[in-house]
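Take a look at the structure below.
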Amino acid sequence: MSKVISAHAVSVDGYITGRDPRLGHGLGDGGTLFDWYFDGDTPSREFDGFKLSQPSARFFDAASARLGAIVAGRDTYEHSDRFGGGSPHPRVPLFVLSHRPAPELGERQTLVTTGVEDAIAAVRQAAGGKDVGLMGGGLLTEALKAGLVDEVILHQVPILLGGGRPFFRSLPEHVRLRPLEVVQAPGVTHLRYEVTR
């Protein structure tokens with residue numbers, strides 16, 4: 001069965017944006033979280049225009065190639081300028097989880113309004129046996145609460161942002177993780193964990 005994976009760039013103090021994230025400026029003052037996408041000389045095989053360090057390209061492309069579909073929370077969708085009507089991944093469809101209508105959905109976008117379980121079920125079906133990606137801290141939290149997450153990938157950037165939108169929200173109990181892979185690269189450490197049940 002396909003796995004449900006959440007991956008995100010995150011500061012050492014746990015933020016996925018800087019201060020003042022808003023429409024049209026979704027990272028606030030935290031754009032440095034994604035500098036590693038462009039600070040190397042190895043082109044990504046998955047994403048046109050990305051030039052990463054060799055260890056980052058190897059890790060990032062391997063994780064990206066596993067995905068068959070992505071679900072994003074409404075805030076992530078809006079703050080990412082609705083992904084330009086497409087998807088954050090160049091070859092997979094995007095599902096948007098929201099409890100209110102989303103305007104201007106693109107051809108590769110589908111709205112799910114009936115909760116995280118239904119969203120992940122729909123995305124699994126669309127993924128065609130490949131893994132499912134989750135985007136957004138609120139969505140990750142709800143999926144963890146429902147016991148639906150198999151892996152968490154952190155692209156940890158060596159910076160303390162001191163504020164912004166935190167990746168992890170309050171959970172009702174501890175969630176244990178088992179380290180699967182650690183890749184040190186210029187400007188980022190890639191950490192892959194299995195969620196143990």
Quiz item: Which of the strands (runs of 3 or more DSSP E) contained wholly in segment 78-197 include at least 1 residues that are of a type in the set (Gly, Ala, Ser) and farther than 15 Å from HIS8 by Cα?
Solution: 177-185
Practice problem: Please work out if ILE5 is under 30 Å from ALA121 (Cβ atoms) and at pLDDT 95 or above. | Solution: yes
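Just checking, which of SER87, SER64, SER53 is open to solvent by less than 30 Å² (accessible area, probe 1.4 Å), touching a Leu at 6+ places or on another chain (Cβ under 7 Å) and at negative phi?
Working: SER64 fails: touching a Leu at 6+ places or on another chain (Cβ under 7 Å); SER53 fails: touching a Leu at 6+ places or on another chain (Cβ under 7 Å).
Just a single option satisfies the conditions, and that option is SER87.
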Self-check item: Hits in segment 179-196 - residues which are surrounded by 10 or more Cβ atoms within 10 Å (Cβ to Cβ) and without any contact (Cβ under 8 Å) to a residue 60 or more places away in the chain
Solution: LEU180, VAL182, THR189, LEU191, TYR193, GLU194, VAL195
Quiz item: Can you spot a residue in segment 88-100 that is hydrophobic (A, V, I, L, M, F, W, C) and over 22 Å from LYS3 (Cβ atoms)?
Solution: no
Quiz prompt | Failed condition for LEU33, given (1) open to solvent by less than 60 Å² (accessible area, probe 1.4 Å); (2) touching a residue at least 60 places away in the same chain (Cβ under 8 Å); (3) over 17 Å from the mean Cα position of the chain (by Cα) | solution = (3)
Quiz item: Is one or more of the residues making up segment 87-110 over 16 Å from the mean Cα position of the chain (by Cα) and among the hydrophobic types (A, V, I, L, M, F, W, C)?
Solution: yes
Quiz item: For ALA7, which of the numbered conditions (1) touching a residue at least 40 places away in the same chain (Cβ under 8 Å); (2) open to solvent by 20 Å² or more (accessible area, probe 1.4 Å); (3) outside any strand (DSSP E or B) fails to hold?
Solution: (3)
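So that you can scan it fast, the table gives a plain yes or no per residue for (1) of a type outside the set (S, T, N, Q); (2) modelled with pLDDT of 90 or more; (3) closer than 15 Å to VAL4 by Cβ:
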site: ARG82; (1), (2), (3): yes, no, no
site: GLY85; (1), (2), (3): yes, no, no
site: LEU105; (1), (2), (3): yes, no, no
site: ARG108; (1), (2), (3): yes, no, no
site: THR114; (1), (2), (3): no, yes, no
site: GLY129; (1), (2), (3): yes, yes, yes
site: GLU142; (1), (2), (3): yes, yes, yes
site: ALA146; (1), (2), (3): yes, yes, yes
site: LEU161; (1), (2), (3): yes, yes, no
Quiz item: Can you tell me which of LEU148, LEU144 is under 16 Å from the mean Cα position of the chain (by Cα), surrounded by 15 or more Cβ atoms within 10 Å (Cβ to Cβ) and within 20 Å of PRO93 (Cα to Cα)?
Solution: LEU148
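For the condition at negative phi and touching a helix residue (DSSP H, G or I) at 6+ places or on another chain (Cβ under 6 Å), what is the one hit in ARG176, ARG169, ARG165?
Details: ARG176 fails: touching a helix residue (DSSP H, G or I) at 6+ places or on another chain (Cβ under 6 Å); ARG165 fails: touching a helix residue (DSSP H, G or I) at 6+ places or on another chain (Cβ under 6 Å).
Going through ARG176, ARG169, ARG165 in turn, just one is at negative phi and touching a helix residue (DSSP H, G or I) at 6+ places or on another chain (Cβ under 6 Å): ARG169.
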Exercise. With respect to THR17, determine if the residue is modelled with pLDDT of 90 or more, among the β-branched types (Val, Ile, Thr) and buried (at least 18 other Cβ atoms within 10 Å of the Cβ).
Key: yes
Quiz prompt | Flag for VAL152 being in contact with a Phe, Trp or Tyr (Cβ under 8 Å, 6 or more places away or on another chain) and modelled with pLDDT of 95 or more | solution = yes
Exercise. Keeping to segment 114-124, report how many residues are farther than 19 Å from GLY86 by Cα and open to solvent by 50 Å² or more (accessible area, probe 1.4 Å).
Key: 4
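The values are calculated or read from the model by the stated rules, or taken from the named source; none is laboratory data. Note that the structure is predicted; figures quoted are calculated from it, not measured. For neighbour counting, all protein chains shown are included, and Cβ atoms are generated from backbone atoms with ideal geometry for every residue, glycine included. Please note that ligands, DNA and RNA were not included when accessible areas were found on the heavy atoms of the full protein model with its side chains. Shrake-Rupley method; radii C 1.70, N 1.55, O 1.52, S 1.80 Å.
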